[in-house]
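Asker: Have a look at this one.
The values are calculated or read from the model by the stated rules, or taken from the named source; none is laboratory data. Computed from a predicted structure; not experimentally measured. Every residue, glycine among them, receives a Cβ derived from its backbone with ideal geometry; neighbour counts consider all protein chains shown. Just the protein is used for accessible areas: all its heavy atoms, side chains included, with ligands, DNA and RNA removed. Shrake-Rupley method; radii C 1.70, N 1.55, O 1.52, S 1.80 Å.
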Amino acid sequence: KAGVTQTPRYLIKTRGQQVTLSCSPISGHRSVSWYQQTPGQGLQFLFEYFSETQRNKGNFPGRFSGRQFSNSRSEMNVSTLELGDSALYLCASSLSAGVGTGELFFGEGSRLTVL
Amino acid sequence: TQLLEQSPQFLSIQEGENLTVYCNSSSVFSSLQWYRQEPGEGPVLLVTVVTGGEVKKLKRLTFQFGDARKDSSLHITAAQPGDTGLYLCAGAYNYGQNFVFGPGTRLSVLP
């Protein structure tokens, strides 16, 4: 079956702009989590959506937001971009929400560069 | 804040050598996972461990979960260039919570 699809794969923005990233989970998966990966901080949890509801949220400012649609596809938005937002943004889908033993299936990520 | 530590941060070895990487925390995990991430790709799950003292083997990879469920190790026997990648451990501290990822060990296996 098709894996997790993230678009766009690469994008370049300037400070102050905003960006929207998209994630299509594996068919049948209802949970979508977003992570930010940087060389210095590693993989940091942004938020998780399950059945269109935000279930958990990491320690990121309000400039980072997300949503999930009825077909489980998810988007995340970053407003007023800062240089430090340059990172690989990874989306992961799973069958259930935060059960602690379930497998996370990651997409290839969207690499954001902020100039 | 619950932190996962991984060591070493970087490891470069020759093909055929054995290696062990470590993951530890000051808090007890309800479960722990190991992932491998190759350049340009997302992490891929290798194993999940949930019971203290548990040992799981996946071909040349052996995973061990500490008795106190605060630490884990990954041992690779006869490493191959295909083992090159970033090895991430991820711990769940409570059932129902999202996984927290460690900073990873970047492994390079030279032919």
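Asker: Can you pull the three principal axis extents for the Cα set of chain A, in Å, largest first?
Answerer: 37, 27, 26 Å, listed from the longest principal axis down.
Asker: Karplus couplings for segment B:22-31 from phi (6.51 cos²θ - 1.76 cosθ + 1.60, θ = phi - 60°), rounded to Hz, Gly and Pro as x?
Answerer: Listing the rounded values in order: 10, 9, 8, 8, 7, 10, 7, 8, 7, 7 Hz.
Asker: Now a separate question. Please compute how much accessible surface disappears when B pairs with A, both sides summed, using a 1.4 Å probe, and round it to the nearest 100 Å².
Answerer: Values: alone 6100 and 6170 Å², together 10740 Å².
Buried surface at the B/A interface: approximately 1500 Å².
Asker: Report the local net charge at A:LEU112: Lys and Arg +1, Asp and Glu -1, summed over other residues whose C-beta lies under 10 Å from its C-beta. It would help to have the intermediate numbers written out before the result.
Answerer: Details: positive: A:LYS13, A:ARG111; negative: A:ASP85.
With Lys, Arg at +1 and Asp, Glu at -1, the net is +1.
Asker: In addition: Report the net charge of residues surrounding B:LEU110, where surrounding means a beta-carbon distance below 14 angstrom and charges are Lys +1, Arg +1, Asp -1, Glu -1.
Answerer: Local charge sum for B:LEU110: -2.
Asker: Further, regarding this structure: Could you give the distance between the Cα centres of segment A:49-115 and segment A:1-22, to the whole Å?
Answerer: The two parts, judged by their Cα centres, are 11 Å apart.
Asker: Ok, one more. Assuming a viscosity of 1.306 mPa s and a temperature of 10 °C, what translational diffusion coefficient in µm² per second does Stokes-Einstein assign to chain B, Rh being the Kirkwood radius over Cα pairs?
Answerer: Details: Rh = 13.9 Å.
Using the Kirkwood radius from Cα pairs, D works out to 114 µm²/s.
Asker: Something else about it: Roll a 1.4 Å probe over the protein chains and send me the accessible area per residue for the protein assembly as shown in Å².
Answerer: Details: 10740 Å² over 226 residues.
Per-residue accessible area for the protein assembly as shown comes out at 48 Å².
Asker: Here's a follow-up. Within a Cβ distance under 9 Å of A:SER31, other residues only, what is the Lys/Arg minus Asp/Glu net charge?
Answerer: Numbers: positive: A:ARG30, A:ARG55; negative: A:GLU48.
That sum, taken over residues with Cβ under 9 Å, equals +1.
Asker: Could I ask something else about it? Pull up all non-local amide H partners of A:ARG55: gap of 5 or more, or a different chain, and H-to-H distance under 5 Å with H placed in the peptide plane.
Answerer: The list, which skips near neighbours in sequence, is A:GLU48, A:TYR49, A:PHE50.
Asker: Could you give the alpha-carbon Rg of segment B:55-111 over 2.2 N^0.38 Å, rounded to two decimals? Please report the intermediate quantities before stating the final value.
Answerer: Details: Rg = 13.2 Å, N = 57, 2.2 N^0.38 = 10.2 Å.
Working it through for segment B:55-111, the quotient is 1.29.
Asker: Same structure again: Spelling out what I want: for every residue of segment A:66-78, take phi, set θ = phi - 60°, compute 6.51 cos²θ - 1.76 cosθ + 1.60 (Karplus), and round to whole Hz; glycine and proline get x.
Answerer: Karplus values, whole Hz, x for Gly and Pro: x, 7, 10, 9, 5, 8, 6, 4, 10, 10, 10, 10, 10.
Asker: Another question, then. Using a 1.4 angstrom probe on heavy atoms only, work out the carbon and sulfur share of the accessible area of chain A in %. Before the final figure, lay out the partial values.
Answerer: Details: 2620 of 5420 Å².
With neighbouring chains kept in place, the figure for chain A is 48 percent.
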